[in-house]
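Okay, structure first, notes after.
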Amino acid sequence: MKSHRAIVYGFQKVYPGLTVMSEEHENPLKPFNAKAVPNVDLHLTEVSDVIKSDETVPLNAISVWIDPLDATYEYSERKDKDGKDLKHFVTTMVCVVLDGKPIIGVVHKPFKDETVWAWVGYGVSKNSLPIHGSSSKDTIKAIVSRSHTGKGEQVLQSAFEGKKLDIIHAGGAGYKSLEVLQGRADLYAHVTDIKKWDICAGHAILAASDGKMTTIKNNDINFSPDSGAVVKGGILASMNKHSYYSDKLSESLKVTEGNS
């Protein structure tokens, strides 16, 4: 909740009236005290070295989706049954949306002190440079949730039957999106409903490097505040071959649902 307050109140202090949607909620919301919120550094060298211009847009065209603690399950669990640390899956995410489209994404890994960010059309962080496809040409590497897999494995195995398939289990949508960006997975598939604060930042970061995140059926996702918080039926993210993956998964999902 401290992460939630720091981000939400920070935005309220700098941009009063901005619409912010957060996974965390306070009921009732504590009174906002601007003096208690630390000042925000708006002139980071890391950003100004890359971003050389900006734009002015109406405040009511902008909204922000935040996830103060992604991979909550892994954060609580800390270690898996084999004693392996799970904290590397944990991220904090912020996403700026313009007219329903994610344009700025920030994914911070607090336990690695690493931040990946991107602004579509303007630039990306130096550690956000993409790798288009995994190192293996013969194997499709698909990354899925380790705690909310649903029918994901079954759908993937059916979709790519006859091909070499490596299914990677991981926590956190932010972590999985970065694995696709950095070429350690060819695709990220989630075949059940998912919340928009889980995927908005990853969506923007992938889009800034010519990657793509859509519904499984390759439909665009509307991130406007009034569009609801849930993406029905899951999502697909990839850096290439997106239509191919979508066609295969859509058909497999249809067959799988018909047999259930």
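The values are calculated or read from the model by the stated rules, or taken from the named source; none is laboratory data. Keep in mind the model is a prediction, meaning the values are calculated, not measured. Counting neighbours? That spans all protein chains shown, and the Cβs are built from the backbone with ideal geometry, glycine included. The area values use the complete protein model at the heavy-atom level, side chains included, leaving out ligands, DNA and RNA. Shrake-Rupley method; radii C 1.70, N 1.55, O 1.52, S 1.80 Å.
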Lys2-Val47 FRET efficiency (beta carbon distance; Förster radius 25 Å; 0.05 resolution): 0.55
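Can you quote the Å³ per residue value for the convex hull of the Cα atoms in the stretch 43-143, rounded to an integer?
Looking at the stretch 43-143, the number lands at 159 Å³ per residue.
For Lys79 and Thr56, what is the calculated FRET efficiency with R₀ set at 51 Å and r taken between the beta-carbons, to the nearest 0.05?
Taking R0 as 51 Å, the efficiency between Lys79 and Thr56 is 0.60.
Would you work out what percent of the accessible area of the stretch 37-125, with all protein chains in place, is carbon or sulfur (probe 1.4 Å)?
C and S atoms contribute 53 percent here.
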HN-Hα J in Hz across the stretch 226-234 - Karplus 6.51, -1.76, 1.60, θ = phi - 60°, x for Gly and Pro: 8, 8, x, 8, 10, 9, 6, x, x
Per residue solvent-accessible surface (Å²) - the stretch 1-110, probe of 1.4 Å: 61 Å²
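Mind checking the alpha-carbon convex hull of the stretch 59-110 and giving the volume per residue in Å³?
78 Å³
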Most mobile listed residue (Ala208, Ala34, Ala185) in the chain, GNM with C-alpha springs under 10 Å: Ala34
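Per residue, what volume in Å³ does the convex hull of the Cα atoms of the stretch 111-260 enclose?
Taking only Cα atoms, the stretch 111-260 has a hull volume of 115 Å³ per residue.
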Accessible area, probe 1.4 Å, largest first, for residues Ser227, Ser63: Ser227, Ser63
Calculated SAXS-style log₁₀ I(q)/I(0) at q = 0.09, 0.10 Å⁻¹ - the chain, Debye, Cα scatterers: -0.40, -0.50
